[in-house]
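Written out below as structure tokens is the structure these notes cover.
The values are calculated or read from the model by the stated rules, or taken from the named source; none is laboratory data. These numbers come from a predicted model, not from an experiment. All Cβ positions, even for glycine, are placed from backbone atoms using ideal geometry, and neighbour counts span all protein chains on display. We work out accessible area using only protein heavy atoms, side chains counted, and drop any ligands, DNA or RNA first. Shrake-Rupley method; radii C 1.70, N 1.55, O 1.52, S 1.80 Å.
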Amino acid sequence: MTKYKLEYIWLDGYTPVPNLRGKTQVKEFDAFPKLEQLPLWNFDGSSTMQAEGRSSDCVLKPVAVYPDSERKNGVLVMCEVMMPDGKTPHPSNMRASINDDEGAWFGFEQEYFLYKNGRPLGFPETGFPAPQGPYYTGVGYSNVGDVARKIVEEHLDICLAAGLNHEGINAEVAKGQWEFQIFGKGSKTAADEIWMARYLLQRLCEKYGIDVEYHCKPLGDTDWNGSGMHANFSTAYMREVGGKEYFEQVMAAFEGACDDHIAVYGPDNHLRLTGKHETQSIHQFSYGVADRGASIRVPHSFVANGYRGYLEDRRPNSQGDPYQIAAQILRTIGSVPEPVEDRLAAVA
Ligand code: ADP
Ligand code: MN
Ligand code: MN
Ligand code: MN
């Protein structure tokens, strides 16, 4: 038997942006534990804005498990927060609102700033560094400094060791700004992994005395880019059947549900979705082929494949909750009927 350190990780009840929380319990197992072997656990909801009425105990229900390469016998346990009965999702539990759908695939592009002493990493103590231009995908000390890449590479390795499905990383447009992409099949997979990757990034940065700034426009109304979390999405029907007519119906549904989407696409998004810096105005909905100034970008490949494949919603921001984003995208797509005849014809 080996004593494993199980880090139970959950989202607290703060709004508009939940915080990651975690605490460790030590338990013995024969081998690295499987999800089914992990017990429910409690925490004090009165300390996390999750207390309901007089009883402050909330229940942690493990929903995904990953190895923790940074800790001897470490286990990362993503949890949903449940009511004391252990069965009813707590009102703050947004993961429970995602429709289960194995055919739904998401790819999130998480942008963020590394911050030191309240300024983006690499910014001088006062004023600004040289304007944007060379930083995006840049190389060299004057572009990325001497510590950012070390953090970003270390983070990537920790995430890969945990089995998170990173697809790539890159230096972003603003100095001190970076991105990673995670793709997952199944409606909850990529969202779980984004939260776990955020957790691992924040924990890693502790030892560097650096914070992760997820706000979508940390430098305000300046010529410095904000941070997004583009949500690339597809369903089985979109990939296998699709078609122009269905696509146009889906886009009409997105236009009609615009306010519902913006409501869960992250706080302060009006500061970022201005129509500048490769964004569409928050007040407008648009879509376009390869259009990075649209709300939804339609990849060339989508049209070339007969309106089949994935779409990119460019509106979600870096502080958005991927659970709520995925849930809303699937609600809107789900409001459009999938014509059964087309499906049969495609199979025939
Ligand atoms: P860009 O920065 O040009 O928008 P990225 O490469 O950063 O492009 O991100 C594209 C994302 O699209 C990746 O996370 C990828 O996993 C995702 N993606 C690709 N194919 C699909 C698909 N069929 N369904 C959902 N997401 C997809
Ligand atoms: Mn990208
Ligand atoms: Mn980007
Ligand atoms: Mn993108």
query: Among PRO91, PRO129, which is buried (at least 16 other Cβ atoms within 10 Å of the Cβ) and assigned to a loop (DSSP other than H, G, I, E, B)?
result: PRO129
task: From ASP291, ASP268, ASP259, grab the single residue that is more than 16 Å from ligand 2 (Cβ to nearest atom), within 25 Å of GLU172 (Cα to Cα) and open to solvent by 10 Å² or more (accessible area, probe 1.4 Å).
output: ASP268
query: In the list LYS175, LYS217, LYS207, which residue meets the criterion of being open to solvent by 30 Å² or more (accessible area, probe 1.4 Å), under 20 Å from LEU121 (Cα atoms) and basic (Lys, Arg)?
result: LYS207
message: As an exercise: evaluate LEU164 against (1) farther than 30 Å from GLY309 by Cα; (2) among the aliphatic types (A, V, I, L, M); (3) more than 16 Å from ligand 2 (Cβ to nearest atom) and give the number of the one condition it does not meet.
response: (1)
- prompt: Can you name the residue in region 169-181 that is out of contact with any Leu (no Cβ under 9 Å at 6 or more places or on another chain) and part of a strand (DSSP E or B) and, of all such residues, is nearest to ligand 3 (Cβ to nearest atom)?
  reply: GLU179
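The rows are residues; the columns are (1) open to solvent by 60 Å² or more (accessible area, probe 1.4 Å); (2) more than 14 Å from ILE329 (Cβ to Cβ); (3) at pLDDT below 95; (4) away from ligand 3 (no atom under 16 Å from the Cβ).
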residue	(1), (2), (3), (4)
GLN249	yes, yes, no, yes
GLY275	no, yes, yes, yes
SER281	no, yes, yes, yes
SER286	no, yes, no, yes
statement: Exactly one of MET82, MET78 is more than 21 Å from the chain's Cα centre (by Cα) and open to solvent by less than 60 Å² (accessible area, probe 1.4 Å), and that one is MET82
task: Considering every residue within region 24-32, establish whether at least one is of a type outside the set (Asp, Glu) and assigned to a loop (DSSP other than H, G, I, E, B).
output: yes
query: Would you call LYS3 loosely packed, with under 12 Cβ neighbours inside 10 Å, in a strand (DSSP E or B) and touching a residue at least 40 places away in the same chain (Cβ under 8 Å)?
result: yes
task: Determine if region 182-199 includes at least one residue that is surrounded by fewer than 20 Cβ atoms within 10 Å (Cβ to Cβ), within 15 Å of ligand 2 (Cβ to nearest atom) and either in contact (Cβ under 8 Å) with a residue 40 or more places away in the chain or in a helix (DSSP H, G or I) (or both).
output: yes
